Amino acid sequence: MTVKRWEDDATVWSGPFYGDQALKYDGSVKTGFASGRIITCVDVVDWDGDGGRDLIISSWDPCYDGRVYLRQEIGKNADNTPLLGPETLVEGVRGYVTAVPDGDRFHLVSASRMRAQIYLYPNIGAPGAPRFGPPVILELDADWQRNSEYFHMVRFVDIDGDGELELVVGTDSWDDYWPNGLEWNDEGYRAYDAAGRWLGGPLRGYLYAFKNSGTLAKPDLAKGRLVMAGENPLEVYGQLAPAFGDFDRSGALDVVAGEFWNILMIARGNGDGDFAALDVLRDGDDAPLELDHCIHLPCVVDWDGDGNLDILVGAEDGYINYIRNSGQLVDGLPRFEKMGRVTTQAPIVHASVLPSPAAHDFNGNGRADLVVGNCTGELLFYPVMGPATEPTLGLESKLTADGQEILVSAGLHGSIQGPSEKMFGYTCPTVADWDGDGLADVLMSDVLGRHMFYRNLGDHYPPRFAAPQALCFEGKPLKTVWRVRPAVVDWLGDGALHYVALDEEGRLSDYRRAGNTELTDKRFLTWENATPVTFTQDVGGGRGRVKLCICDWTGSGRYDLIVGTHARASLPPGPNGAPRNTTGQGGIFYIKNIGSNADPVFADPVAMKYHGEVIAMGMHVASPEAVDWTGNGQLGLIVGIEDGSIVWLDRKDLTWSAPDA
């Protein structure tokens, strides 16, 4: 049965441009992590013919801004790996991009879920000065293994040893994944049985090869064949991303295959275009080499110049990891070690993917630092630096609880969207002095729909926290819809804190703090018609996801609601609600409190605009935090965008209702 994920109905992002408002590192930050955007593909090419190992960094383009960037080698690091310089935009190219060697130049080839063709961008520039013309569209024909296979990643490579490069395509099929053929927003969707067992099947990804009888600048492709690994089709757990290298110097190319989960697969080449049976990539102790996140797109390159082929691999979180070949061969297959994320000069602020920022002045200098959750399940801390009128960020660090880095993962049974998301955390923090000791604590929800209290241990900058404690309601740990940023508010200014979140049905709920871990007196916050505030008519994975911010936005003395939504949210729920029935992309909404702080009642939501255009920030979510960022006495919005950037939207550039509001 063919079922589409809601992301596969995405349109190319076309909202207002926010890039000029992206928060930047302070000038003192010279080196940081190289990154793409959301789900990063990386390839290595000598861009300008100087012998360097330059990086082409591309990203998933269905949801946000999947453009292509270049970072060139400008020197050497101490370990002989390339020292990378600033990023530059590769104009006119989109999708997951790899390089096609063609004599003294190279072309670019790309795949995208947005289209059923492969695009070949011919290099029409001079050698050493690449410039790319309009794409040559490649239509593919093959006996596909599944009804609906998306083209995930492609390369031109000679896998059969005949001296000619063929197109090799890794695919992605979700046909078998869905429980009872229902997508995770559908009525009746059920992920697990009573014993916690997944009711669906696996993701699948296959490899196909297409012989080329044309040129590399204008291919003419034959019908594709399924590539084999031993006696079976070469198959991995979805999102197959191929890379090739002769690791054992046998003369036949071996294959490395990325997949959705946190491993890479590898197989020796037979020299005829097929491969031996797949094995998991292993470390020096012969254990599976487990990666830090998921959806991995590798390339093979001798990154440190020692004569052994290493692996660079991009991932869903946008970072690029270096996996070093130890030089040890076991049964013809190399052993590897994780060397961490690739670094660069002139880094951009990238907080993994789907960043959810919270702001608080942790060191008393009058300016708000940032605590940022993300899809990876981390809590990142960014110290604020620079002048108050134009703040900049220091290099991020990972916050700790009980001395251990905070890292939340769903595991095989924790995500409502199934075991494919076992590595996701979706941490959504807010900051408040929850226990009344004068120190700012973190309260956080996540992929599991838990609500945790992290007590600030004091006298540290960045702050350190105690082991998390679960917030409880009616004697049980509070368990709600997932991926919601909660809010903490003292409605009456009398020191009585309230915790605001969505409950298990997605209704906006207010709980009174009865102790460090106890919540009581649940009440629903309502629209003007007295119905509970909700944000979508979806079920399953479509519920939740919103990011809540309670503040006196207009200076009226009443606490209003600022909400960041995903693309399928509907405010209010129904056939006309935004952004589901308007922009079709994640947005930010102002919801005015037309009641009182003692008895809040909320007016119909108003889509906020930036420079007069309705805010539209991709598919998954926009994450706003109201803060006086520049110290001018007025609230603006710090917003996490799904591609990993964090932007500052100044109040003067925002509109949210009639001019006199």
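Using only Cα coordinates, the Kirkwood hydrodynamic radius of region 111-257 works out to 17.4 Å. Full extension of the chain segment joining A467 with D302 gains 55.2 nm, where the gain is 0.36 nm per residue of separation less the Cα-Cα distance. Partner lysines whose Cα lies under 22 Å from the Cα of K30, excluding those fewer than 8 positions away in the same chain, are identified as K76, K398. Label sites at D286 and V12, each approximated as a point 7 angstrom past Cα along Cα to Cβ, lie 5.1 nm apart. At full extension, E518 and D402 could sit 39.7 nm farther apart than now, given 0.36 nm per residue minus the alpha carbon distance. Taking a point 7 Å out from the Cα of D272 in the direction of its Cβ, the residues of region 219-249 whose backbone N falls within less than 12 Å of it are 228, 230-231. Each of F381, G51, T98 was placed along the dipole of the chain (beta-carbon charges, centred on the mean Cα), and the one lying farthest toward the positive end is F381. Figure legend: label point modelled 7 angstrom from the Cα of K76 along Cα→Cβ; residues of region 32-64 with amide N under 15 Å from it are 51-53. Between the amide H of S326 and those of R335, F336, E337, distances stay under 5 Å, these residues lying 5 or more places away or on another chain, with hydrogens modeled in the peptide plane. Once Lys and Arg get +1 and Asp and Glu get -1 on their Cβ, which of G633, G540, T526 lies farthest toward the positive end of the dipole of region 511-661? Comparing the listed Cα positions along the dipole, G540 ranks first. Three principal axis extents of region 1-44 based on alpha-carbon atoms, in descending order, are 54, 31, 16 Å.
With one equal scatterer per alpha carbon and no solvent term, the Debye-computed log10 I(q)/I(0) for region 397-538 at 0.13, 0.18, 0.21, 0.22 1/Å reads -0.60, -1.09, -1.35, -1.43. Applying D = kT/(6 pi eta Rh) to region 306-405, where Rh is the Kirkwood radius over alpha-carbon pairs, T corresponds to 4 °C and eta to 1.567 mPa s, the Stokes-Einstein value obtained is 80 µm²/s. Share of carbon and sulfur in the accessible area of region 439-530 stands at 47%, probe radius 1.4 Å.
Computed over protein heavy atoms with a 1.4 Å probe, the accessible surface of the chain works out to 36 Å² per residue. With unit charges on the beta carbons (Lys and Arg positive, Asp and Glu negative) and the dipole taken about the Cα centre of region 126-220, which residue among V168, P135, S213 sits farthest to the positive side? Positive-most Cα among the choices belongs to P135. Split the accessible area of region 50-158 by element, probe 1.4 Å, and carbon with sulfur accounts for 49%. Among the listed options (1) 44.2; (2) 33.0; (3) 29.0, the one matching mean projected area of the Cα convex hull in nm² as calculated from these coordinates is (3). Cross-link check: pairs K522/K547; K24/K522; K4/K479 evaluated at a Cα-Cα cut-off of 30 Å; pairs beyond the cut-off: K24/K522. Accessible surface for M619 stands near 10 Å², nearest 10, in the context of the full protein assembly shown (1.4 Å probe). Charged side chains reduced to their Cβ positions (Lys and Arg at +1, Asp and Glu at -1) give the chain a dipole of some 1340 debye around its Cα centre. Expressed in Å, the radius of gyration and Dmax of the Cα atoms of region 352-427 are 14.9, 46. Electrostatic tally near T430: other residues with Cβ closer than 10 Å to its Cβ, Lys and Arg +1, Asp and Glu -1, net 0. Considering only the other residues whose Cβ falls under 13 Å of the Cβ of R450, what net charge follows from Lys and Arg at +1 and Asp and Glu at -1? Summing Lys/Arg as +1 and Asp/Glu as -1 gives +1. Let me know the longest stretch in the chain that avoids all GluC sites (Glu not before Pro) found in a DSSP loop with at most 15 other C-beta atoms within 10 Å. Within the chain, the longest run free of exposed GluC sites (Glu not before Pro) spans 291-473.
Summing Lys and Arg as +1 and Asp and Glu as -1 over all other residues whose Cβ lies under 14 Å from the Cβ of D48 gives a net charge of -1.
Each Lys and Arg contributes +1 and each Asp and Glu -1, all at the Cβ; summed about the Cα centre of region 212-316, the dipole is approximately 660 debye.
The values are calculated or read from the model by the stated rules, or taken from the named source; none is laboratory data. Remember, it's a predicted structure, so these values are computed and weren't measured experimentally. Glycine also receives a Cβ, built like all others from the backbone with ideal geometry; neighbour counts cover every protein chain displayed. Just the protein is used for accessible areas: all its heavy atoms, side chains included, with ligands, DNA and RNA removed. Shrake-Rupley method; radii C 1.70, N 1.55, O 1.52, S 1.80 Å.
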